[in-house]
Amino acid sequence: GMSSLMTMGSAFVVDTFNGAALFRSTIVEIIYMCVFLVAPILTFAICLMARDDEPWRKAAGVWAIMVCITFCVWGLAVTYQEVKACFWLVERHFCKDDESSDDNYNIIHGASGQEESQDSRLAKKWKRLTKIAKRALILTQTARYSGEKKQRFHILAGTDISSSLGHTPLETSISLYSRLTSLSFFQMFDTLEEPKRVYNSEEIRDILPFMTKSNWSMQKMWCMGDSRYRNVVVARGPSALTPDQIKYSLVCTVTSSVVATLLLIGFLAWMEIGLASYFIVAVISLFCCVVPIFRNGLEMYRMYDGVNDESVDVDEEGGANLFQVWETLRITQPKLWYCYARIAIEVVFFFFWPFISMIVKSNYPVASVFVMLGSFTFLWRYFDANAVLSELGSLSDVADTQTHQEKYRLSEFIGRVITNKGRRWWSW
């Protein structure tokens, strides 16, 4: 709950800095003007005229209250738009064959035929919404717990880099979790006969980050982690990464591992917590810090080693480029009962159990805040538009009936809120 709140707060700050881009209108501009400038300045001026001893404190208090109210309203609006977009995508692309298109439109937008009774319309609408919600839950859980593999391709410039159809993968990467889900011992997963293409957030938003010799950075490559799979690396041609940049990337990774180890040793010596504690913390650090850094460096070196691959002829003088791209394929997916079981376990142990404990301890204020944050987290976790779009493709292809403003808003929701990297850090 708190991680979602802090992530929303970070997104609110960024959106405010960009001029309330998500909900930009004349009314919103006036409200933001009053909240951030007019109200605190007017309060400060009144306190000065009243010869108050602490005018700055009252002005800051008014500003804080106004910002808090604005953030709450903004969070409600973002949550509503996120859930609405998720339902709309599920209804349009996964439930469109159940009823007529007119009925589908009526569910989301509230229209209905006059010949039906009010009770009949409400019952039909509730039944339809329940079905869409169940489908959204399954899609979200499937996207979260499926086993995937990543494949690396070389694609010549001028071809469609969003698809690897007709190309042979140069490298395949499968995580330990994905390998475990493929074992017949685990009866919670089904192995797909044909791997299914899934899309990451950049592909959904039609934003493909290119890595060239001009925008390469050692610090950036060391800190980017798994996001390196999302980069379209220019492996051959005038803009390709140089061999020196590849070597420096590996040197930077090794140096970072050494520095992290020395920092840990210095911290343990400063704490003077005993030899046994040194050993325990060193082992934890080895598996959680040093090993991942070395692994990332090795994978990064293998990925950039394709720069010197001579298996594909490229016309250097003509300015042709060879792009190195990664593609994600789903190889296993959880069974239906496992999806529902995970939802039940998470709700019971991470929501009801803590809530009941707070009620038993008569901690009602904290319980109230917990229920509010937990409700928002439930909506964000189980009605994820990004998970639905990961099976469909880019916004330009699947949201063709939406306006440019609606596409932009959904794209910003996915990039700045749903897939915000800070969510993981706030969770820890």
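The values are calculated or read from the model by the stated rules, or taken from the named source; none is laboratory data. Remember, predicted model here, so these are calculated numbers, not experimental data. Positions of Cβ are generated from backbone atoms using ideal geometry, with glycine treated the same way; all protein chains shown enter the neighbour counts. Note: accessible area is taken over every heavy atom of the protein model, side chains too, but ligands, DNA and RNA are not part of it. Shrake-Rupley method; radii C 1.70, N 1.55, O 1.52, S 1.80 Å.
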Exercise. Between segment 34-67 and segment 343-390, what is the C-alpha centre distance in whole Å?
Worked result: 36
Exercise. For segment 14-22, in order, what is each residue's ³J(HN,Hα) by Karplus, 6.51 cos²θ - 1.76 cosθ + 1.60 with θ = phi - 60°, in whole Hz (x at glycine and Pro)?
Worked result: 5, 5, 5, 4, 8, x, 6, 5, 5
Exercise. By average Cβ neighbour count within 10 Å, what is the ranking of 50-59, 174-183 from highest down?
Worked result: 174-183, 50-59
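For the peptides 34-41, 185-192, what is the packing order when you average, over each peptide's residues, the other Cβ atoms within 10 Å and list the highest mean first?
Details: 34-41: 15.4, 185-192: 13.2.
Result, highest mean Cβ count within 10 Å first: 34-41, 185-192.
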Exercise. Points 7 angstrom from Cα along the Cβ direction at residue 125 and residue 53: gap in nanometres?
Worked result: 5.7
Exercise. What is the extension gain from residue 287 to residue 68, computed as 0.36 nm multiplied by their sequence separation minus the C-alpha to C-alpha distance, in nm to one decimal?
Worked result: 74.8 nm
Problem set entry | Straight-distance crosslink candidates among lysines, where the alpha carbon sits under 17 Å from residue 247 and sequence neighbours closer than 8 are dropped | 213, 220
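Hey, what's segment 29-83 come to in accessible area per residue, 1.4 Å probe, Å²?
Numbers: 3600 Å² over 55 residues.
Ligands and nucleic acids excluded, the result is 65 Å² per residue.
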For this session: Quote the FRET efficiency, to the nearest 0.05, computed for residue 170 versus residue 280 with a Förster distance R0 of 45 Å and r equal to the Cβ-Cβ distance.
Result: 0.65
Problem set entry | Cut-off under 5 Å, modelled amide H: who pairs with residue 147 long-range | 331, 332, 333
Exercise. Measuring from label point to label point, each 7 Å out along Cα→Cβ, what is the residue 180 to residue 255 span in nm?
Worked result: 3.7
Problem set entry | Point-to-point label distance, residue 188-residue 267, nm (Cα→Cβ direction, 7 Å offset) | 3.1
Problem set entry | Cross-link table 127/149; 149/407; 134/196, entries beyond 31 Å C-alpha to C-alpha | 127/149
Exercise. Where does each of 341-352, 382-393, 15-26, 126-137 land if you order them by average Cβ count within 10 Å, highest first?
Worked result: 382-393, 126-137, 15-26, 341-352
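Quick check: residue separation of residue 196 and residue 29 times 0.36 nm, minus the Cα distance between them. What number comes out in nm? Walk me through the intermediate numbers first.
Details: separation 167, 0.36 × 167 = 60.12 nm, distance 4.40 nm.
In short, 55.7 nm is gained.
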